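Here's the structure, in C-alpha coordinates; my notes come after.
The values are calculated or read from the model by the stated rules, or taken from the named source; none is laboratory data. Computed from a predicted structure; not experimentally measured. We place every Cβ from the backbone using ideal geometry, glycine too, and count neighbours over all the protein chains shown. When the accessible area is computed, the model is the full protein with side chains, heavy atoms only, and any ligands, DNA or RNA have been set aside. Shrake-Rupley method; radii C 1.70, N 1.55, O 1.52, S 1.80 Å.
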Amino acid sequence: MLEITGHTRVFGILADPIHQVKAPQGLNRIMAERGVDGVMVPFHVASADLATVLTGLRAVKSFGGAIVTVPHKTAIVPLLDAVSDAARLVGAVNAVRREPDGRLVGEILDGAGFVAGLRAAGHDLRGRSAYLAGAGGAANAIAFALAEAGIARLTVHNRTAARVEDLFGRLRRLFPDLPLASGDPDPTGHDLVVNATSLGLRPDDPLPLDASRLAPGQRVAEIIMQPAETRLLREAAARGCRTHPGLPMLEGQLALMADFLGMVPPAR
Ligand SMILES: NC(=O)c1ccc[n+]([C@@H]2O[C@H](COP(=O)([O-])OP(=O)(O)OC[C@H]3O[C@@H](n4cnc5c(N)ncnc54)[C@H](OP(=O)(O)O)[C@@H]3O)[C@@H](O)[C@H]2O)c1
(Lines give C-alpha, C1' and ligand atoms only; values in the text may rest on other atoms or scores of the structure.)
Protein backbone atom coordinates (compact mmCIF):
# COMPACT_ATOMS: atom_id res chain seq x y z
CA MET A 1 0.00 0.00 0.00
CA LEU A 2 1.20 3.51 -0.81
CA GLU A 3 1.22 6.19 1.88
CA ILE A 4 -2.31 7.36 2.78
CA THR A 5 -2.72 11.07 2.04
CA GLY A 6 -5.54 13.49 1.33
CA HIS A 7 -5.56 12.20 -2.26
CA THR A 8 -6.12 8.54 -1.35
CA ARG A 9 -9.38 6.99 -2.58
CA VAL A 10 -11.09 4.75 -0.03
CA PHE A 11 -12.72 1.47 -1.02
CA GLY A 12 -14.68 -0.78 1.31
CA ILE A 13 -15.97 -4.30 1.62
CA LEU A 14 -19.53 -4.55 2.99
CA ALA A 15 -20.17 -7.74 4.94
CA ASP A 16 -21.60 -9.24 8.14
CA PRO A 17 -19.75 -11.24 9.46
CA ILE A 18 -16.57 -9.76 8.06
CA HIS A 19 -13.63 -11.66 9.57
CA GLN A 20 -13.56 -14.19 6.69
CA VAL A 21 -13.23 -11.73 3.79
CA LYS A 22 -10.26 -12.04 1.43
CA ALA A 23 -10.91 -9.34 -1.18
CA PRO A 24 -9.11 -6.51 0.72
CA GLN A 25 -5.81 -8.39 0.73
CA GLY A 26 -6.09 -9.11 -3.00
CA LEU A 27 -7.30 -5.68 -4.10
CA ASN A 28 -4.80 -3.78 -1.93
CA ARG A 29 -2.07 -5.91 -3.53
CA ILE A 30 -3.39 -5.14 -7.03
CA MET A 31 -3.58 -1.40 -6.27
CA ALA A 32 0.02 -1.48 -5.03
CA GLU A 33 1.12 -3.37 -8.16
CA ARG A 34 -0.74 -0.91 -10.40
CA GLY A 35 0.54 2.16 -8.51
CA VAL A 36 -3.01 3.22 -7.56
CA ASP A 37 -3.39 5.68 -4.65
CA GLY A 38 -6.18 3.81 -2.87
CA VAL A 39 -6.93 1.55 0.06
CA MET A 40 -9.62 -1.05 0.73
CA VAL A 41 -10.84 -1.42 4.33
CA PRO A 42 -13.53 -3.58 6.00
CA PHE A 43 -17.01 -2.05 6.49
CA HIS A 44 -18.78 -4.31 9.00
CA VAL A 45 -22.44 -3.43 8.35
CA ALA A 46 -25.58 -5.19 9.62
CA SER A 47 -28.48 -5.74 7.19
CA ALA A 48 -30.70 -3.27 9.01
CA ASP A 49 -28.13 -0.50 8.49
CA LEU A 50 -27.30 -1.09 4.82
CA ALA A 51 -29.56 1.62 3.38
CA THR A 52 -28.29 4.20 5.89
CA VAL A 53 -24.67 3.36 5.13
CA LEU A 54 -25.24 3.68 1.36
CA THR A 55 -26.88 7.07 1.81
CA GLY A 56 -23.78 8.20 3.67
CA LEU A 57 -21.34 6.71 1.15
CA ARG A 58 -23.01 8.61 -1.74
CA ALA A 59 -21.88 11.80 0.01
CA VAL A 60 -18.27 10.68 0.67
CA LYS A 61 -16.35 12.18 -2.24
CA SER A 62 -13.18 10.20 -1.55
CA PHE A 63 -15.14 6.90 -1.60
CA GLY A 64 -14.40 4.93 -4.79
CA GLY A 65 -16.65 1.93 -4.31
CA ALA A 66 -17.07 -1.33 -2.46
CA ILE A 67 -17.07 -5.06 -2.72
CA VAL A 68 -20.35 -6.52 -1.44
CA THR A 69 -20.74 -9.93 0.18
CA VAL A 70 -22.94 -11.89 2.60
CA PRO A 71 -25.64 -10.94 3.55
CA HIS A 72 -26.00 -7.86 1.34
CA LYS A 73 -25.63 -9.02 -2.26
CA THR A 74 -29.33 -9.38 -3.07
CA ALA A 75 -30.67 -6.77 -0.65
CA ILE A 76 -28.42 -4.05 -2.08
CA VAL A 77 -29.83 -4.23 -5.64
CA PRO A 78 -32.89 -1.96 -5.13
CA LEU A 79 -30.82 0.44 -3.03
CA LEU A 80 -28.44 1.32 -5.90
CA ASP A 81 -28.91 3.96 -8.59
CA ALA A 82 -28.12 1.58 -11.47
CA VAL A 83 -27.07 -2.05 -11.99
CA SER A 84 -25.75 -3.89 -15.05
CA ASP A 85 -28.07 -6.12 -17.10
CA ALA A 86 -26.25 -9.18 -15.74
CA ALA A 87 -26.70 -8.04 -12.13
CA ARG A 88 -30.40 -7.34 -12.74
CA LEU A 89 -31.01 -10.83 -14.16
CA VAL A 90 -28.94 -12.54 -11.47
CA GLY A 91 -30.66 -10.40 -8.83
CA ALA A 92 -27.42 -9.68 -6.98
CA VAL A 93 -24.44 -7.36 -6.95
CA ASN A 94 -20.94 -7.91 -5.60
CA ALA A 95 -19.21 -4.72 -6.64
CA VAL A 96 -20.44 -1.12 -6.37
CA ARG A 97 -18.69 1.84 -7.94
CA ARG A 98 -19.28 5.43 -6.83
CA GLU A 99 -19.52 7.76 -9.81
CA PRO A 100 -18.19 11.33 -9.45
CA ASP A 101 -21.77 12.63 -9.05
CA GLY A 102 -22.36 10.25 -6.12
CA ARG A 103 -24.46 7.67 -8.01
CA LEU A 104 -23.80 4.09 -6.93
CA VAL A 105 -23.59 1.56 -9.79
CA GLY A 106 -23.63 -2.21 -9.20
CA GLU A 107 -22.11 -5.15 -11.07
CA ILE A 108 -21.95 -8.91 -10.46
CA LEU A 109 -18.57 -10.51 -11.13
CA ASP A 110 -18.41 -13.67 -9.04
CA GLY A 111 -19.95 -16.05 -11.58
CA ALA A 112 -17.40 -14.94 -14.17
CA GLY A 113 -14.72 -15.30 -11.48
CA PHE A 114 -15.81 -18.83 -10.63
CA VAL A 115 -15.65 -19.94 -14.28
CA ALA A 116 -12.30 -18.15 -14.76
CA GLY A 117 -10.94 -20.00 -11.68
CA LEU A 118 -12.05 -23.38 -13.04
CA ARG A 119 -10.58 -22.60 -16.46
CA ALA A 120 -7.28 -21.48 -14.90
CA ALA A 121 -7.15 -24.88 -13.17
CA GLY A 122 -7.64 -26.54 -16.57
CA HIS A 123 -11.34 -27.45 -16.24
CA ASP A 124 -13.36 -26.87 -19.37
CA LEU A 125 -17.11 -26.72 -18.81
CA ARG A 126 -18.49 -27.00 -22.33
CA GLY A 127 -20.83 -29.99 -22.65
CA ARG A 128 -20.56 -30.96 -18.96
CA SER A 129 -23.46 -31.58 -16.60
CA ALA A 130 -23.53 -29.48 -13.44
CA TYR A 131 -25.13 -29.83 -9.99
CA LEU A 132 -25.38 -26.65 -7.97
CA ALA A 133 -26.20 -26.55 -4.26
CA GLY A 134 -27.67 -23.15 -3.33
CA ALA A 135 -29.83 -20.47 -4.90
CA GLY A 136 -28.54 -17.33 -3.16
CA GLY A 137 -26.54 -14.48 -4.66
CA ALA A 138 -23.39 -16.44 -5.46
CA ALA A 139 -25.33 -19.46 -6.73
CA ASN A 140 -27.41 -17.27 -9.05
CA ALA A 141 -24.28 -15.69 -10.49
CA ILE A 142 -22.62 -19.09 -10.93
CA ALA A 143 -25.72 -20.56 -12.62
CA PHE A 144 -25.70 -17.81 -15.26
CA ALA A 145 -21.93 -18.12 -15.73
CA LEU A 146 -22.12 -21.93 -16.09
CA ALA A 147 -24.88 -21.54 -18.68
CA GLU A 148 -22.81 -18.92 -20.48
CA ALA A 149 -19.81 -21.31 -20.42
CA GLY A 150 -21.79 -23.93 -22.35
CA ILE A 151 -22.74 -26.63 -19.85
CA ALA A 152 -25.10 -29.31 -21.21
CA ARG A 153 -27.58 -29.35 -18.30
CA LEU A 154 -28.00 -27.87 -14.82
CA THR A 155 -29.52 -29.28 -11.63
CA VAL A 156 -30.05 -26.94 -8.68
CA HIS A 157 -30.79 -27.99 -5.09
CA ASN A 158 -31.62 -25.45 -2.40
CA ARG A 159 -33.13 -25.54 1.10
CA THR A 160 -35.77 -23.04 -0.04
CA ALA A 161 -37.20 -24.63 -3.20
CA ALA A 162 -39.06 -21.48 -4.30
CA ARG A 163 -35.71 -19.75 -4.90
CA VAL A 164 -34.76 -22.48 -7.40
CA GLU A 165 -37.92 -21.94 -9.44
CA ASP A 166 -37.32 -18.20 -9.36
CA LEU A 167 -33.75 -18.71 -10.62
CA PHE A 168 -34.96 -21.05 -13.39
CA GLY A 169 -37.51 -18.47 -14.56
CA ARG A 170 -34.75 -15.92 -15.10
CA LEU A 171 -32.28 -18.44 -16.58
CA ARG A 172 -34.87 -19.55 -19.16
CA ARG A 173 -35.17 -15.98 -20.44
CA LEU A 174 -31.50 -15.96 -21.46
CA PHE A 175 -30.84 -19.70 -22.03
CA PRO A 176 -34.16 -21.21 -23.24
CA ASP A 177 -32.47 -24.41 -24.54
CA LEU A 178 -30.55 -25.32 -21.37
CA PRO A 179 -32.18 -28.33 -19.61
CA LEU A 180 -32.89 -27.41 -15.97
CA ALA A 181 -33.87 -29.71 -13.11
CA SER A 182 -34.79 -29.03 -9.51
CA GLY A 183 -32.65 -31.46 -7.53
CA ASP A 184 -32.43 -33.16 -4.16
CA PRO A 185 -29.36 -33.66 -1.95
CA ASP A 186 -28.11 -36.50 -4.21
CA PRO A 187 -25.56 -35.19 -6.77
CA THR A 188 -25.25 -38.52 -8.62
CA GLY A 189 -24.84 -38.31 -12.40
CA HIS A 190 -23.24 -34.87 -12.73
CA ASP A 191 -19.70 -34.12 -13.94
CA LEU A 192 -19.38 -30.98 -11.85
CA VAL A 193 -20.76 -30.60 -8.29
CA VAL A 194 -20.66 -27.09 -6.81
CA ASN A 195 -21.35 -25.93 -3.27
CA ALA A 196 -22.61 -22.35 -3.63
CA THR A 197 -24.35 -22.17 -0.24
CA SER A 198 -22.82 -20.56 2.81
CA LEU A 199 -22.57 -23.99 4.49
CA GLY A 200 -18.98 -24.87 5.33
CA LEU A 201 -18.00 -21.51 6.79
CA ARG A 202 -18.45 -22.83 10.34
CA PRO A 203 -16.97 -26.14 11.55
CA ASP A 204 -20.34 -27.43 12.79
CA ASP A 205 -22.27 -26.60 9.57
CA PRO A 206 -24.19 -29.49 8.00
CA LEU A 207 -23.06 -30.57 4.51
CA PRO A 208 -24.86 -28.84 1.61
CA LEU A 209 -25.50 -32.19 -0.13
CA ASP A 210 -25.31 -35.93 0.45
CA ALA A 211 -21.53 -36.48 0.21
CA SER A 212 -21.95 -40.26 0.57
CA ARG A 213 -23.30 -40.26 -3.04
CA LEU A 214 -20.16 -38.63 -4.53
CA ALA A 215 -18.16 -40.89 -6.82
CA PRO A 216 -14.75 -40.90 -8.57
CA GLY A 217 -14.87 -38.96 -11.84
CA GLN A 218 -16.91 -36.14 -10.37
CA ARG A 219 -15.28 -32.77 -9.83
CA VAL A 220 -16.37 -31.08 -6.60
CA ALA A 221 -15.97 -27.32 -6.41
CA GLU A 222 -16.41 -25.14 -3.34
CA ILE A 223 -17.05 -21.41 -3.06
CA ILE A 224 -16.28 -21.22 0.67
CA MET A 225 -12.80 -19.73 1.00
CA GLN A 226 -12.24 -20.14 4.73
CA PRO A 227 -11.52 -22.81 5.72
CA ALA A 228 -9.59 -23.55 2.50
CA GLU A 229 -10.50 -27.22 2.83
CA THR A 230 -14.12 -27.61 3.87
CA ARG A 231 -15.64 -30.84 5.17
CA LEU A 232 -17.30 -31.24 1.74
CA LEU A 233 -13.91 -31.10 -0.03
CA ARG A 234 -12.41 -33.58 2.46
CA GLU A 235 -15.27 -36.02 1.98
CA ALA A 236 -15.12 -35.59 -1.81
CA ALA A 237 -11.38 -36.27 -1.90
CA ALA A 238 -11.86 -39.33 0.32
CA ARG A 239 -14.34 -40.68 -2.26
CA GLY A 240 -11.89 -40.20 -5.14
CA CYS A 241 -13.35 -36.98 -6.58
CA ARG A 242 -11.18 -34.21 -7.97
CA THR A 243 -11.64 -31.09 -5.85
CA HIS A 244 -11.51 -27.35 -6.53
CA PRO A 245 -11.33 -24.97 -3.53
CA GLY A 246 -13.08 -21.61 -3.10
CA LEU A 247 -10.12 -19.27 -3.39
CA PRO A 248 -9.61 -19.44 -7.20
CA MET A 249 -13.11 -17.94 -7.62
CA LEU A 250 -11.93 -14.81 -5.86
CA GLU A 251 -8.56 -14.82 -7.59
CA GLY A 252 -10.39 -15.23 -10.91
CA GLN A 253 -12.31 -12.04 -10.38
CA LEU A 254 -9.89 -9.76 -8.53
CA ALA A 255 -8.66 -8.17 -11.76
CA LEU A 256 -12.29 -7.87 -12.94
CA MET A 257 -13.19 -6.13 -9.65
CA ALA A 258 -10.21 -3.77 -9.82
CA ASP A 259 -11.09 -2.73 -13.36
CA PHE A 260 -14.77 -2.19 -12.50
CA LEU A 261 -13.93 -0.12 -9.40
CA GLY A 262 -11.68 2.12 -11.47
CA MET A 263 -8.48 1.06 -9.73
CA VAL A 264 -6.28 2.37 -12.49
CA PRO A 265 -3.15 4.48 -12.07
CA PRO A 266 -3.46 8.20 -12.82
CA ALA A 267 -2.70 9.15 -16.42
CA ARG A 268 0.87 10.44 -16.78
N1 LIG B 1 -15.12 -17.83 -3.34
C2 LIG B 1 -15.67 -16.68 -3.65
O3 LIG B 1 -15.11 -15.87 -4.41
C4 LIG B 1 -17.03 -16.33 -3.14
C5 LIG B 1 -17.80 -15.37 -3.79
C6 LIG B 1 -19.05 -15.08 -3.32
C7 LIG B 1 -19.52 -15.73 -2.20
N8 LIG B 1 -18.76 -16.65 -1.58
C9 LIG B 1 -19.28 -17.37 -0.41
O10 LIG B 1 -20.47 -17.99 -0.81
C11 LIG B 1 -21.34 -18.14 0.29
C12 LIG B 1 -22.78 -17.82 -0.12
O13 LIG B 1 -22.87 -16.45 -0.50
P14 LIG B 1 -24.21 -15.83 -1.08
O15 LIG B 1 -23.88 -14.44 -1.39
O16 LIG B 1 -24.78 -16.69 -2.14
O17 LIG B 1 -25.18 -15.88 0.21
P18 LIG B 1 -26.78 -15.85 0.22
O19 LIG B 1 -27.31 -15.05 -0.91
O20 LIG B 1 -27.15 -15.46 1.61
O21 LIG B 1 -27.20 -17.37 -0.03
C22 LIG B 1 -26.89 -18.35 0.91
C23 LIG B 1 -27.22 -19.73 0.36
O24 LIG B 1 -26.87 -20.70 1.34
C25 LIG B 1 -28.04 -21.44 1.73
N26 LIG B 1 -28.01 -21.71 3.16
C27 LIG B 1 -27.62 -20.87 4.15
N28 LIG B 1 -27.74 -21.48 5.35
C29 LIG B 1 -28.23 -22.72 5.11
C30 LIG B 1 -28.56 -23.82 5.94
N31 LIG B 1 -28.44 -23.76 7.27
N32 LIG B 1 -29.02 -24.96 5.36
C33 LIG B 1 -29.16 -25.03 4.00
N34 LIG B 1 -28.85 -24.01 3.15
C35 LIG B 1 -28.40 -22.88 3.71
C36 LIG B 1 -29.20 -20.54 1.38
O37 LIG B 1 -30.37 -21.31 1.26
P38 LIG B 1 -31.83 -20.62 1.40
O39 LIG B 1 -32.14 -20.01 0.07
O40 LIG B 1 -32.72 -21.75 1.74
O41 LIG B 1 -31.72 -19.61 2.50
C42 LIG B 1 -28.71 -19.94 0.05
O43 LIG B 1 -28.84 -20.86 -0.99
C44 LIG B 1 -20.76 -17.25 1.37
O45 LIG B 1 -20.18 -18.07 2.36
C46 LIG B 1 -19.69 -16.43 0.68
O47 LIG B 1 -18.62 -16.13 1.53
C48 LIG B 1 -17.53 -16.99 -2.03
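Quick check on Thr160: is it more than 12 Å from the ligand (Cβ to nearest atom) and hydroxyl-bearing (Ser, Thr, Tyr)?
Taking the combined requirement at face value, the residue does not satisfy it.
Among the listed residues Phe144, Phe168, identify the single one that is assigned to a helix (DSSP H, G or I), over 20 Å from Ile76 (Cα atoms) and within 16 Å of the ligand (Cβ to nearest atom).
Just one listed residue meets the conditions, Phe168.
If I filter segment 73-83 down to residues being part of a loop (DSSP other than H, G, I, E, B) and modelled with pLDDT of 95 or more, which single residue comes out as most open to solvent (accessible area, probe 1.4 Å)?
Asp81
Could you check how many residues of segment 210-251 are part of a helix (DSSP H, G or I), open to solvent by 50 Å² or more (accessible area, probe 1.4 Å) and among the aliphatic types (A, V, I, L, M)?
The total comes to 3.
Listed here are the residues, each with its yes/no results for (1) at pLDDT 95 or above; (2) loosely packed, with under 15 Cβ neighbours inside 10 Å.
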{"residue": "His19", "(1), (2)": "yes, yes"}
{"residue": "Lys22", "(1), (2)": "no, no"}
{"residue": "Asp37", "(1), (2)": "yes, no"}
{"residue": "Asp85", "(1), (2)": "no, yes"}
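Just one of Pro185, Pro208 is closer than 19 Å to Met249 by Cα and not assigned by TED's automatic domain parsing to the domain that holds His72; which is it?
Only one candidate passes the filter, namely Pro208.
What is the one condition in (1) open to solvent by 70 Å² or more (accessible area, probe 1.4 Å); (2) without any contact (Cβ under 8 Å) to a residue 24 or more places away in the chain; (3) more than 10 Å from the ligand (Cβ to nearest atom) that Pro206 does not satisfy?
Going through (1) open to solvent by 70 Å² or more (accessible area, probe 1.4 Å); (2) without any contact (Cβ under 8 Å) to a residue 24 or more places away in the chain; (3) more than 10 Å from the ligand (Cβ to nearest atom) one by one, Pro206 breaks only (3).
Name every residue in segment 59-72 that is part of a loop (DSSP other than H, G, I, E, B) and either of a type in the set (Gly, Ala, Ser) or within 16 Å of Leu261 (Cβ to Cβ) (or both), in order of residue number.
Answer for segment 59-72, where residues must be part of a loop (DSSP other than H, G, I, E, B) and either of a type in the set (Gly, Ala, Ser) or within 16 Å of Leu261 (Cβ to Cβ) (or both): Ala59, Val60, Lys61, Ser62, Thr69.
Determine which single condition Arg97 fails, assuming it passes every other condition in (1) surrounded by fewer than 22 Cβ atoms within 10 Å (Cβ to Cβ); (2) part of a loop (DSSP other than H, G, I, E, B); (3) among the basic types (Lys, Arg).
(2)
Take segment 148-174 and flag every residue that is of a type in the set (A, V, I, L, M, F, W, C) and open to solvent by less than 40 Å² (accessible area, probe 1.4 Å).
Residues satisfying the conditions are Ala149, Ile151, Leu154, Val156, Val164, Leu167, Phe168, Leu171.
Which condition number does Asp124 fail, the rest of (1) closer than 17 Å to Ile13 by Cβ; (2) open to solvent by 20 Å² or more (accessible area, probe 1.4 Å) being met?
It is condition (1) that Asp124 fails.
Tally time: how many residues in segment 186-202 are part of a loop (DSSP other than H, G, I, E, B) and either closer than 21 Å to Leu125 by Cα or more than 22 Å from the chain's Cα centre (by Cα) (or both)?
8
Of all the residues that make up segment 77-93, how many are within 13 Å of the ligand (Cβ to nearest atom), under 17 Å from Leu261 (Cα atoms) and out of contact with any Gly (no Cβ under 7 Å at 6 or more places or on another chain)?
0
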